[in-house]
Amino acid sequence: MDGKKTKSPKFLIKYLVVAGAVCFAIAYGNTNAFFAHNLVLIFLYMGLSQAWNIIGGYAGQLSLGHVAFFGIGSYTSTLLYLNYGITPWIGALVGAALAAVVAYGLGWATLRLKGAYFTLATIAFAEVLRILATNFSGITKGAQGVGIPFRPELGNMIFRGKTGYVILALGFAVIVYLVCRYMDRTRLGYYLAAIREDETTSASMGINVANNKVLAMVLSAVFTAIGGTVYAQYILFIEPASEFSYSVSLNMALFAIFGGLGSLYGPIVGAAILIPIQEYLRVTFGGSLPGLHLAMFGLVLIITVLLMPKGVFPTIQGFVQGRIARSQKKKLRGEGSQ
Amino acid sequence: MILEAIGVSKSFLGLQALSNVDIQIAEGEIVGLIGPNGAGKTTLFNVISGYLKPTTGDVLFAGDKVTGTRPHRMAHMGMARTFQIVKPLANMTVLENVMVAQFMKGGRTKEVRELAEHVLQQVGLYEQRNQTAGTLTLAGRKRLEVARALAIKPRLILLDEVMAGLNATEVQQTIDLIHLVHKQGITIFIIEHIMHVIMSLSHRVIILNQGEKLCEGRPEEVINDQRVIDAYLGEGFSLA
């Protein structure tokens, strides 16, 4: 949350380097399917984790049930597409709207719950949706899941090869990032951070704590649902066990916390580091000894959290800023002695 | 009258914290609220600022009935308060703390930042603006409470023991700060235990004892009142 606006050439270079690296990665992904698969997941989870960060990081309400909105998004767009032929581009927006309504209700219902109780309520809520999706088999086809026929076309949000999906997921990540960046620099970002710090003090400064918390929940849910549609279109198959899987909720929270809770770049850094590790370990060790890759992933997490309790991004940022401050001091002292 | 409390009572599960308290404060006054520990001073502040609903009785702010109005609405109406147990937004910087309050008055982030910096200069916290609020000294945190209250441009400020725990120099600085706030036309209602502060600041003093208003009057009247001496000041009290 720093609003320093330095529109210098250096600033431009930073963007050009990022854009260049992304273009290069997409081009390389075109020749390497595993790499491209990683890119899709990285970008998708950058967006999802960023969306989670609105309520979990900024507003400090640790939700572990965000897969509920993810599932609402994927089921809504898929069922609309298969039953009524509505393009997933529109379906994604309908899913987002539906998720917004559900988040509004969930937000008000859990408003008074603090800490672990809020977290438990969100987990329970996601579980309820998973069970509903399994049992309302007339609508959802239940546990057997729903396949989306492979008809590659931009209008169907289905692509031949992975490059289209890489760009789709990247677009999703960029949109969520831009919204969060705007929020970070304006009133809502400050208000959510204030609510995270102290609700009593926030009220004394004229903040409607309840409304802002619910708004954060709704915003967060909207983008999570869109991410759900993107995922469904990528996998082309949805089932309750994966669309409402606890591990999606966990990953969204984990990447944000690992990268830096409540910071704009935390979820981006978290997803960019952890997805490749997760995928690499799964591919390399997943077949040798069941569970080995998860144990190793856990070990990586424990070590990082011990070394950088505030998250990777804030730690690196603090280190760099410290270096700059020291070198400036040295410079000043040098000039003083002359 | 900017603030009126009419027959305000508050009980917590049978414990009578306030009983039938009447208060009137005119625009531009500085009114002190004193009384022994547990007299109900902070409870009265909480009722006035909307953090607690009175069991019976009414609160009027600038002539409007505001009984039970929620705290954030009260802030928008022009009532600011500080907390006895300071509540900084500890992980945010001093500047961000004040910006959050300043946002209530609207404006773009850049303007809000400038206005917040101006408030910090007023209260003498400008140099510490980039520190996180949690690293401030107690005196600094109390100042930050006042800065946040000022940023919402209130008509009335409720100050709850902003001097407790400060040393003599810091107390004097805070007195100067309160005079400065008052000069901007803001009415002040202040809870304080340090008697010479109350004596030098207040136009009028209200004494609360066991949830009831014992008496009120000009400071020099009040400290000679036998009831106040018995309940609060003690025999042989002198300011020196």
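The table below gives the values:
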quantity	calculated
From phi via Karplus (6.51, -1.76, 1.60), per-residue ³J(HN,Hα) for region A:302-314 in Hz, x at Gly/Pro	4, 5, 5, 5, 5, 6, 10, x, 8, x, 5, 5, x
Amide H contacts of B:Met92 (H built 1.01 Å from N, under 5 Å, at least 5 apart or other chain)	B:Ala133, B:Gly134
Helix-derived mean residue ellipticity, 222 nm - over chain B, DSSP H n ≥ 4, -39500 (n - 2.57), to 500	-10000 deg cm²/dmol
Surface accessible to a 1.4 Å probe, per residue, for the residues of region A:209-260, Å²	25 Å²
Residue-span extension gain [A:Ala325 to A:Lys10] - 0.36 nm each, minus C-alpha spacing	111.6 nm
Full-extension gain in nm, B:Asp22 to B:Ile85, via 0.36 nm per residue minus C-alpha separation	20.1 nm
Percentage relative contact order, chain A, counting C-alpha pairs under 8 Å, at least six apart	29 percent
Delta accessible area of at least 40 Å² on complex formation, residues of region B:89-126, 1.4 Å probe, chain isolated as reference	B:Leu89, B:Met92, B:Glu96, B:Val100, B:Phe103, B:Thr109, B:Arg113
Residue of A:Gln278, A:Gln321, A:Gln144 that the Gaussian network model of chain A assigns the largest fluctuation, springs spanning Cα pairs under 10 Å	A:Gln321
Peptide ranges B:146-157, B:11-22, B:211-222 listed from the most packed, as the mean C-beta count within 10 angstrom indicates	B:146-157, B:211-222, B:11-22
Cβ-placed point charges (K, R +1; D, E -1), dipole of chain A about Cα centre in debye, nearest 20	1300 debye
Links that overshoot a 26 Å alpha carbon limit, given the list B:Lys10/B:Lys142; A:Lys10/B:Lys105; A:Lys310/B:Lys142; A:Lys114/B:Lys53; B:Lys10/B:Lys183; A:Lys213/B:Lys110	B:Lys10/B:Lys142; A:Lys10/B:Lys105; A:Lys310/B:Lys142; B:Lys10/B:Lys183
Gained length - A:Ala97 relative to A:Leu301, 0.36 nm times residue gap less alpha-carbon distance	69.9 nm
Computed helical MRE - 222 nm, chain A, DSSP H runs ≥ 4 contributing -39500 (n - 2.57), nearest 500	-25500 deg cm²/dmol
Per-peptide average of other Cβ atoms within 10 Å, ordering A:114-123, A:214-223 highest first	A:214-223, A:114-123
Derived scalar couplings ³J(HN,Hα) [region A:162-171; Karplus, 6.51 cos²θ - 1.76 cosθ + 1.60; whole Hz; x for Gly, Pro]	9, 4, x, 5, 4, 5, 4, 5, 4, x
Computed label-point distance, nm, for sites A:Tyr246 and B:Met1 using a 7 Å Cα→Cβ extension	5.9 nm
FRET E, pair B:Ile229, B:Ser200, Förster distance 25 Å, beta-carbon r, rounded to 0.05	0.80
Built amide H within the under 5 Å cut-off of B:Asn209, gap 5+	B:Leu214
Estimated vicinal HN-Hα couplings, Hz - region B:69-77 in sequence order (Karplus 6.51, -1.76, 1.60; Gly, Pro = x)	5, 6, x, 5, 5, 4, 4, 5, 6
Most mobile of A:Ser63, A:Ser288, A:Ser77 in a GNM of chain A (Cα contacts under 10 Å)	A:Ser288
Chain A: most fluctuating residue of A:Ala96, A:Ala33, A:Ala68 per GNM, C-alpha cutoff 10 Å	A:Ala33
Accessible area of the protein assembly as shown belonging to carbon and sulfur atoms, whole % at 1.4 Å probe	62 percent
Selected from B:Leu201, A:Ala27, A:Phe244, residue furthest toward positive end of dipole (the protein assembly as shown; charges at beta carbon)	A:Ala27
Pairwise burial A:B, computed as accessible area of each alone minus the pair, summed, 1.4 Å, Å²	1900 Å²
The protein assembly as shown: antiparallel DSSP beta bridges as a percent of all, rounded to 5	60 percent
Estimated FRET transfer efficiency (A:Asn211, A:Thr134; beta-carbon r; R0 45 Å; 0.05)	0.85
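The values are calculated or read from the model by the stated rules, or taken from the named source; none is laboratory data. Since the model is a prediction, treat every value here as computed from it, not as a measurement. No Cβ is skipped: glycine too gets one built from the backbone with ideal geometry, and neighbour counts run over all protein chains shown. Just the protein is used for accessible areas: all its heavy atoms, side chains included, with ligands, DNA and RNA removed. Shrake-Rupley method; radii C 1.70, N 1.55, O 1.52, S 1.80 Å.
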